[in-house]
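The values are calculated or read from the model by the stated rules, or taken from the named source; none is laboratory data. It should be emphasised that the depicted structure is a prediction, and the values quoted were computed from it without experimental measurement. All Cβ positions, glycine included, derive from the backbone under ideal geometry; neighbour counts span all protein chains shown. These area figures cover heavy atoms from the full protein model, side chains too; ligands, DNA and RNA do not enter into them. Shrake-Rupley method; radii C 1.70, N 1.55, O 1.52, S 1.80 Å.
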Amino acid sequence: MNQVPPYPRDDADALDSIAFPASGTVRRGNLRFSRPELADWSWPYTVVRGTEDGPHVALISGVHPAEYPAIESNIRFTRNLDPSRLRGTVVSLPLVDVPAFLPRSPFVCPIDGKNPNRYFPGDPNGSFTEIMDDAIFRTVIAPADTLIDLHGGDMVEALIPFSIYSVSGNEEVDSRSIALGRGFGLPYLVASKPQPGGIGGTTAHAAAAAGIPCIIAEAGSSGLLTEPETQMMVDGIENALRSLGMLDGEVASHDPVEIEQFSWLRSPAEGMWYPSIAVGEQVREGQNIGRIGNLYGDTLAEISAPHDGVVLFITSAPAMPHDGLMIAVGGT
Ligand SMILES: [Zn+2]
């Protein structure tokens, strides 16, 4: 496993853009940016260029760098990918939010306290996270034909595996994103639709708006590097690339449950969060799914399910701010 794979490789650092190596070879190095705000940082990247032409896939993870099965599956898949059996090119960036990795910062970049997955495609005139998003978007995402962005439950989240795609309204892009999600094969496939108060600025929203089919694939929980979820993601990437015609082999057929309603419940009070259900459970509209208590043990709020559906993730940490995210319910 730790043996260096025997694929022909050259190593080269990159500045502001990633050049492909010769056909049938691998290149890896550090990506840097000429923006002075980003000068202290570098991003390890690998390009695997197949012997035959084909799609260009950007494979990223670590937008939230405590989502470890995502990062590990990217490292493992990319390292073992044989360019002689690949059609097209995979550009892998296993760790997007580099400054948040060693501090083990959940969700946000510690430099400015912003969640990178709310600011894509970024803003070169913004603060650190927006500048970083802009640089990553221009360099890694915009040049690609397809984006696979690997996530999972962060340090304080329990989660069952699912994929998300953005409903952009561009039917061609959306149908390719759906096909990619089916190819990846996690058990649930969530349609993320623009809605008032809904989240924006995700990789999937920005990529789809730019005409690039994308899924965000989520597996793993609570800051743990778990093998079943890591392998599930490795298999998902492999199958997704087969579905794109980039790898030989039969596309394993999956039939994810398609989720049309994706409801994020936020806490009406700060205090202790006591969920009474587990991830993966089916809930009914109005069913009690937990409560918020204060530090004396009084109940401040009872929480009920907004509609029938499956519990896709739960904030597993009891500490709950006012308006903090408690739970996500997916309805078909
Ligand atoms: Zn994430």
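Which numbered condition in (1) polar (S, T, N, Q); (2) closer than 17 Å to A70 by Cβ; (3) more than 12 Å from the ligand (Cβ to nearest atom); (4) surrounded by fewer than 24 Cβ atoms within 10 Å (Cβ to Cβ) is the only one that S163 fails?
Status for S163: all satisfied but (4).
In the stretch 132-163, how many are in a strand (DSSP E or B) and among the aliphatic types (A, V, I, L, M)?
Our first condition is that a residue be in a strand (DSSP E or B); within the stretch 132-163, this holds for 146-151, 157-159, 162-163.
Within this subset, residues satisfying the condition of being among the aliphatic types (A, V, I, L, M) are 147-148, 150, 158-159.
Total satisfying the criteria: 5.
Scanning for something touching a residue at least 60 places away in the same chain (Cβ under 8 Å) and within 16 Å of the ligand (Cβ to nearest atom), does the stretch 35-45 turn up at least one residue?
Taking every residue of the stretch 35-45 in turn, none turns out to be touching a residue at least 60 places away in the same chain (Cβ under 8 Å) and within 16 Å of the ligand (Cβ to nearest atom).
Would you check which residues across the stretch 52-85 are more than 16 Å from the ligand (Cβ to nearest atom) and either outside the structural domain of T146 (by TED's automatic domain parsing) or open to solvent by less than 30 Å² (accessible area, probe 1.4 Å) (or both) and list them? Explain how you work it out, then say what you get.
First, the residues of the stretch 52-85 that are more than 16 Å from the ligand (Cβ to nearest atom): 52-58, 75-85.
Matches in the stretch 52-85: H56, V57, A58, F77, T78, L81, P83.
Does the stretch 139-149 include one or more residues that are surrounded by fewer than 22 Cβ atoms within 10 Å (Cβ to Cβ) and within 17 Å of E37 (Cβ to Cβ)?
yes
Sort through P121, P99 and tell me the only one that's touching a helix residue (DSSP H, G or I) at 6+ places or on another chain (Cβ under 6 Å), in the same structural domain as S34 (by TED's automatic domain parsing) and modelled with pLDDT of 95 or more. Walk me through it before giving the result.
On the way: P99 fails: touching a helix residue (DSSP H, G or I) at 6+ places or on another chain (Cβ under 6 Å).
Going through P121, P99 in turn, just one is touching a helix residue (DSSP H, G or I) at 6+ places or on another chain (Cβ under 6 Å), in the same structural domain as S34 (by TED's automatic domain parsing) and modelled with pLDDT of 95 or more: P121.
Say we look at the stretch 174-196 and pick out the residues that are in contact with a Ser or Thr (Cβ under 9 Å, 6 or more places away or on another chain), more than 18 Å from A219 (Cβ to Cβ) and hydrophobic (A, V, I, L, M, F, W, C); which of these is surrounded by the most Cβ atoms within 10 Å (Cβ to Cβ)?
A191
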